[in-house]
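Shown next, in structure tokens, is the structure this report addresses.
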Amino acid sequence: MLLMLAVIIAGAVSAPWISRLAGGRGAFALVAVPVVALLLLGRMASGEAAEVLEAYTWVPGLDVAAAFRLDGLSLLMASLVLGIGVFIVAYAAKYLEGDERQPRFMATLLLFMAAMLGLVLADDVILLFIFWELTSLTSYLLIGFDHTQAKARQAALQGLVVTVAGGLCLLVGLIMFGEMAGSYRLSEWVLQGEMLISQPTSGWALLMVVLGCVTKSAQFPFHFWLPNAMAAPTPVSAYLHSATMVKAGVFLLARLYPTLGAHPGWQWLVPLGAFTAVFAAFMAFRSDEMKKVLAYTTVMALGTLTLLIGMGEAQAAVGFLLAHALYKGALFMLAGVITHETGAKALSGVGGMRRHLPWTWGAALFAAASAAGVMPWVGVIAKELLLESALGHGVWVVVAAVVSAGIVGGMLFTVALRPFIGAPRAPRAPEAIHEAGPWLLAGPVALAGLGLLLGLVPGLADQVLVPAARALGAVDPAALALWHGVNHAFVASLGSLAIAALVWWLWPRTLRWMGTAGWDRFGPERAYDASLGALGAVAVGVTAKLQSGLLRRYVAITLLSTIVLLLSTLLLRGDAVVWPQFSATISVPIVLAAGVLVLAVLAIRLVDALSVALILGAVGFGVSLLYLWFSAPDLAITQVMIETLTTILLVLILFRLPRMRRLSSPSQRMADMVLAIFGGGIVSLVLWQVMAAPSPVSISEWLIARSMPEGHGRNIVNVILVDFRALDTLGEIVVLALAAMGGYALLKSPPNTGERES
Amino acid sequence: MSLLVALPFLIPMVAGSVSLLAWPSRRAQRAIAVVGTAGQLIAAVVLLVVVWNDGIQVLAAGAWPAPYGITLATDLLSALMVLMTGITGFAAALYSLPTISSRMERNGYYPLMHMLLAGVAGVFLTTDLFNLYVWFEILLLASFALLAMGQERAQMAGALKYVVLNLFSSAMFLSALGLLYGLAGTLNMADLAVKLPALDDGGRVTLVSMLFMLAFSIKAASFPLFFWLPASYHTAPVAVSALFAGLLTKVGVYSLYRTFTLVFTEDVPWTHGWLQVSAGFTMVVGALGALAQTDIRRTFAFLHVSQIGYMLMGLALFTPIALAAGVFYFAHHIIMKSNLFFLSGVIYRLGGSYRRDELGGLWTARPWLSLVFLVPALSLCGIPPLSGFWGKLLIVRAGVDAGSGWLLAAVLVTSVLTLLAVMRIWADVFWKAAPQDRPVRRAPLPVMLWVVTVGLAAGTLWIGFTVEPLWALAERASAQLLDPSAYIEAVLSPELP
């Protein structure tokens, strides 16, 4: 299976060059890529085994392996990905012929194909997730194909954000299950279903996985990105956004059904899917643009699939999936042909094309017939399976299924008929309109024809669908049949056809009113836009508050954090706080300390820089007197020298500088004062705690003992500086050198831009 | 006992001094820049290999045994960090060659760069907290000079905030050192690890450790102390901001990792609980900040803050997988983030602006460059199979294992915000058509810019596709952090020569 992926990736990487061969015709040759992969798949599936496992070590330390599994379900999906892929590549080669962006497009399309194939074949869930994200990414690049249009960029980003956000939830859910199961293999999870379900956090994990699936598969309320994704070129809409990628979520749900289907939370998929289906059918009904109609009907199909998987109806689900992929792929490509040839995008803008586009019409009718569930197309089997399943699950499920299927059938007939009947009209002059060539029509004609063939010979479909249903846990799927006799499902099916007819009749009459009624003012998409807007506002607001550009505020926040952290630790952790004891007697150090304090306050009060510098010098001298009192003469001498030098230097510099100005208001200064007093106070309190602790055994004894005999110096401070801790001194020398260099660089030459060009 | 341990900072120190002596000759300085950084890189590679094969390496400076003299030591974490220093330094030196103005070269750009690298390597290698302070001072002054030497108004404003807030951190660090020495009578970290548990200190060490946490958190630019980073990173020359992006905050995060696994583990629920809070807020607030920017370098600076949160989360959860995830993220992040800053410089060169609303058209005009940009950009978003995906995967796994729901929620929110911020850059700078008055420049790029950006992108791809080598390293490094007995023993009883 790795070989298949390698073939497609190799095709993708070389696609930009191949596309340019033969004067830009090389893109047609790329059809060979999915064909080769399809042959490989066929050879692999022809074996006897019900499933083929293939695994390569990748990241053993993380239990991640390149493990693949080919069973009935992945075979069905892989066949769709590659089979439809063949026609899509051919279609795209023609559709974008001569476009200078075609080489990139073909490469991205093939890359998507590889990602999608990997997704359906993966057995390791991390591997599955990697391919999952790659499909989102390639989808992003393809939706944004027309990247100079703001609308395409927005639609691309919307799709990416929704699917990747869901993907993140999925990742969390998969990891949660992985940690519970002690394995990251789907094939091993299946064996531990009951254990997984009984875990206390399995509800959360399931919710996260389902969030991932429903965003990818465009379920309400995350459906809105899909209709917008129609900004992509038609081959992309037909392939990613109807036949394959959007089915990934449904596919994963189906994959997990045998493991987690018994979880009580699984039932919620039923109302979710049913609501999505009805809602999307309604949205399709009020659309005019062909691709929009098709997109909403796709959402409806995805809702139906979710509904079926929620009910655990394996056979109906895979049958519906297959039928939908065939007719919807065809219809999208045909809509693309209509737009390509006539220039029309809206249904109301085109009509009477039956003579100009006869093949297109024929194929469209075939596809629509299958979609609406008309005898003897394969769609009717799918629909009756759906209705039969629904009958077992209550009246309202049946109603939802009948109504949504009816509306969608009617709308798809609208798409397949209205452009072709009546008087000829189109944006382009009717004389200039010709039928598309074989490259564009091969796909839709083949897919539509297949829909009829599988309906007439259901045994063919059984070959794929029965193993797929088995993979989903269906014990003994019955063989498909076109005619089940007159039963409840048949009656319901007739009902949906009646609704379809009604929709056909109503649509042109209500379109104007429905389209302009202002429904768009509400709904999830508005919520998405609004939350993006709100997010921007919050981002700007928070950032403006925090990163205000005011150094004063930065220092204040830093100080405040210090106070909070120290105070909370002091009060909440460890022993009781030791408070300082003050004696009433006046001693020399107290007088000195008071003097220093008074001077410090004075320094704050003054505005004149020169006086401030002098007073700060005086503060320093006061401190050195304190050192002297506590018998540290060398420290005092050092301090005196430093104070003298800095004061002289400061005075020399300040002499040349403008006067300081007060920029802050009195209230600000008041707040600063409180903060400063608190900060200083808390640090003093911490110091007090440390002083109250018993003195430790210090390393200084050792140093004193060895200073003379081993360090050969009488002055222990000197020995420490140049011998015991010479590395520190070296570092400090570097610091001084750096300060000098920095000062030189700052003073040297006039301002300029930092770089030569950039 | 091996001199090898000191080489990663001795080589740039010597190179810096020689470069200073070669002041008049710009050509000599440029040659020394390449040779010196390459030398550091080679030393770092050899060191990592030796540590991987033979275990922790120790060097007692001046042969004075720990805890009395200064002892250098390197375990896997510090060897990995030194290697990252070497890579970033070498890349920055190459990138500097065609981009740094001759005026800056004449004013001592290269000596400052060497000394910065020496300071960073020193931080990763020392076992002595006071010595750590000295290395911090070296890199603070070197980075300040590099920031300010352009002398533009914005640079001076940025540099001022940078230096004031970092001096605040230094003052706190120094006070904390004094207090800790008063409690324990030693500042060697291994010695502290032995002596502190035996001390009946009534929670005082935890109290002092909060000061260390604050000082290092300022360096690491975590919430709510990150202001200096977005204020300054975008003002420096590109090579400098890439160097900073790779290394400066890592120094703070590394110090937190070292001290809060080796020394301050007395009250883990409290200290690491605060780190969790900080990590969560750092992620989200940083990403929000990124969304509010139009300047691409500022966007990346804020995202950098955000990702410091991921790294802190690894330490804060304090489990084997979480620490390993953090270490993995370190390495991946340095390569990716410095590349993004380098690429911003290339974008400026082509489009003449750093603002995404004034740029456009690069996807059409420069497809190869766009692909190179996509590698670190998508890695930043955590798109598989790039390195950032594995980082995110590991962090999520650590969060799931620790059952930390709200941190996981923060990771998810941050990821989406990051995606939005990065993809807006992609959409505006690459997809949008170039503005009429500002077409994309057609001139070929200097080859060095290709070498640096493609090389680092290849690194991101390599980590993403192989995963196992870096993960194995991260796992072993994490095991060393959680069981520091080997480190302590190696430091306190090295065989003397």
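The values are calculated or read from the model by the stated rules, or taken from the named source; none is laboratory data. Keep in mind the model is a prediction, meaning the values are calculated, not measured. We place every Cβ from the backbone using ideal geometry, glycine too, and count neighbours over all the protein chains shown. These area figures cover heavy atoms from the full protein model, side chains too; ligands, DNA and RNA do not enter into them. Shrake-Rupley method; radii C 1.70, N 1.55, O 1.52, S 1.80 Å.
Quick look at the numbers
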| quantity | calculated |
| --- | --- |
| The stretch B:267-465 - Rg over Rh from alpha carbon coordinates, Kirkwood radius | 1.02 |
| Exposure rank, largest accessible area first [B:305, A:683; 1.4 Å] | A:683, B:305 |
| Net charge over other residues, Cβ less than 15 angstrom from the Cβ of residue A:461 (K, R count +1; D, E count -1) | 0 |
| For the stretch A:410-502, alpha-carbon Rg over 2.2 N^0.38 Å | 1.56 |
| Estimated distance in nm for a label pair at residue A:550 and residue A:63, the labels positioned 7 Å out from Cα along Cα-to-Cβ | 5.3 |
| Dipole moment magnitude, nearest 20 debye, chain A about Cα centre, only Lys, Arg, Asp, Glu C-beta charged | 2460 |
| Loop-resident sites, the stretch A:616-703, for trypsin sites (Lys or Arg not before Pro), counting at most 12 other Cβ within 10 Å (DSSP) | A:656, A:659, A:661, A:662 |
| Cβ-derived FRET efficiency at R0 30 Å, residue A:698 paired with residue B:485, nearest 0.05 | 0.80 |
| Selection from A:377, A:405, A:717 lying farthest towards where the dipole of chain A points positive, charges on Cβ | A:405 |
| Chain B, relative contact order [Cα under 8 Å, separation at least 6], % | 17 |
| Cleavage-rule hits, chymotrypsin sites (Phe, Trp or Tyr not before Pro), the stretch A:383-480, DSSP coil, Cβ neighbours within 10 Å at most 14 | none |
| Cα centre as origin, Lys/Arg/Asp/Glu Cβ charges: the stretch B:267-465 dipole, Debye | 600 |
| For the stretch B:332-394 versus the stretch B:268-288, the gap between their alpha-carbon centres in whole angstrom | 27 |
| Peptides ranked, highest mean first, by Cβ atoms within 10 Å: ranges A:621-627, B:379-385 | B:379-385, A:621-627 |
| q = 0.07, 0.09 Å⁻¹, the protein assembly as shown: log10 I(q)/I(0) [Debye, one scatterer per Cα] | -0.75, -1.10 |
| Structure-based [θ]222 nm, chain B - -39500 (n - 2.57) summed over DSSP H runs of at least 4, per residue, nearest 500 | -25500 deg cm²/dmol |
| Selection from B:418, A:88, B:35 lying farthest towards where the dipole of the protein assembly as shown points positive, charges on Cβ | A:88 |
| Relative contact order for chain A, counting Cα pairs under 8 Å that sit 6 or more residues apart, in percent | 10 |
| Shielding score for A:540-552, defined as the mean number of other chain Cβ atoms within 10 Å | 5 |
| Violating pairs (Cα-Cα greater than 32 angstrom) within the set A:94/A:383; A:545/B:337; A:292/A:383; A:94/B:432; A:545/B:250 | A:94/A:383 |
| Where A:644, A:304, A:108 fall by accessible area, highest first, once all protein chains stay in place (1.4 Å) | A:644, A:108, A:304 |
| The stretch A:61-201, Rg to Rh (Cα coordinates; Rh as Kirkwood inverse mean 1/r) | 1.06 |
| Per-residue SASA entry for residue B:52, accessible area with 1.4 Å probe, Å² rounded to 10 | 90 |
| Accessible area (Å², 1.4 Å probe, nearest 10) - residue A:169 | 20 |
| Gain upon complete extension [residue B:35, residue B:63; 0.36 nm per residue less C-alpha separation] | 7.1 nm |
| Charge-dipole axis of chain B as Lys and Arg at +1 and Asp and Glu at -1 on Cβ define it, positive-most pick from B:156, B:172, B:88 | B:156 |
| Chain lengthening between residue A:668 and residue A:29 when straightened (0.36 nm per residue, less Cα-Cα) | 222.6 nm |
| Size of electric dipole in chain B: Cβ of Lys, Arg +1 and of Asp, Glu -1, about Cα centre, debye, nearest 20 | 2060 |
| Per-pair calculated FRET efficiency, R0 = 45 Å: residue A:657 and residue A:578 via Cβ, rounded to 0.05 | 0.50 |
| Whole-Å distance, taken between Cα centres, linking the stretch A:462-506 and the stretch B:114-154 | 73 |
| Solvent exposure ordering (accessible area, 1.4 Å, most first) of A:188, B:468, A:701, A:100 | A:100, A:701, A:188, B:468 |
| Normalised convex hull volume, the stretch B:322-384, alpha-carbon set, Å³ per residue | 93 |
| Mean residue ellipticity (222 nm) of chain A, computed from DSSP H runs ≥ 4 via -39,500 (n - 2.57), nearest 500 | -23500 deg cm²/dmol |
